[in-house]
Amino acid sequence: MQLLGIDALDRLIDELSRLPGIGRKTAQRLAIFVLKSESQYAENLAEAIYNLKKETQLCDKCFNIAEGSLCSICLDTHRDPSKICVVEDIVDIFAIEASNEYKGLYHVLGGVISPLAGVMAENLHLNELIDRVKNENIAEVLMALNPSTEGEATMIYISKLLSGLNLKVTRIASGVPIGSHLEYVDTVTIGRAISSRREL
Ligand SMILES: [Zn+2]
């Protein structure tokens, strides 16, 4: 849908409406806000977006966001390197970190197995996880995937991959409602789900 036929405005609305959770109406409101704000704001916003891609990369080890080859969590010597928490997405790391309940390392899968959406096991960072477990002296893998049907199936798949290797495989406790996303669950609930995790 064209708004007033102004190409520059329509283009921004198109791009904004591709963001998750942003519908057409919200995209229009945001674009108009940028239009009405100081030029400096528009420049700062554009530069922040541009630099985000230019100055960051994925961590070589855990696929979290990083400024160099390793992320700040992998580089942090105060963390317990014998624990890996497996998450679906980078935003889940933010949610778990906010709960202050976990002090190990992470591994971002990049999704969950979902044949309907065309995501198969080989599309996820599963081989890298197995390599880490074999090479890094890992004592525990804690699975903290979103409790959806696909998340559950992926956790079962991972626990089978890890069976036979000498380590504890746990999953976050129920309490995180089925179908919800960790990033929207409050930190107390996430903290409790981690501290009362159960072994598989
Ligand atoms: Zn990392």
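The values are calculated or read from the model by the stated rules, or taken from the named source; none is laboratory data. This is a predicted model, so every value here is computed, not measured. FYI the Cβ positions are ideal-geometry reconstructions off the backbone, even for glycines, and counts take in every protein chain you see. What goes into the accessible areas is simple: the full protein's heavy atoms, side chains included, and nothing from ligands, DNA or RNA. Shrake-Rupley method; radii C 1.70, N 1.55, O 1.52, S 1.80 Å.
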Within the range 66-93, restricting attention to residues that are within 13 Å of the ligand (Cβ to nearest atom) and part of a helix (DSSP H, G or I), which residue is nearest to residue 119 (Cα to Cα)?
90
Before we move on, is residue 63 of a type in the set (Phe, Trp, Tyr), closer than 18 Å to residue 136 by Cβ and within 16 Å of the ligand (Cβ to nearest atom)?
yes
Any residue in the range 41-57 that is open to solvent by 90 Å² or more (accessible area, probe 1.4 Å) and either outside any helix (DSSP H, G or I) or closer than 27 Å to residue 191 by Cα (or both)?
yes
Of (1) modelled with pLDDT of 95 or more; (2) within 16 Å of the ligand (Cβ to nearest atom), residue 96 fails just (1)
Taking first residues from the range 109-137 that are free of Cβ contacts under 8 Å to residues at least 60 places away in the same chain and within 20 Å of residue 93 (Cβ to Cβ) and second residues anywhere that are part of a helix (DSSP H, G or I) and acidic (Asp, Glu), the pairs with Cβ under 6 Å that are 6 or more apart or on different chains are 112/150
Apart from one, (1) closer than 30 Å to residue 153 by Cβ; (2) open to solvent by less than 70 Å² (accessible area, probe 1.4 Å); (3) in contact (Cβ under 8 Å) with a residue 12 or more places away in the chain all hold for residue 69; the odd one out is (1)
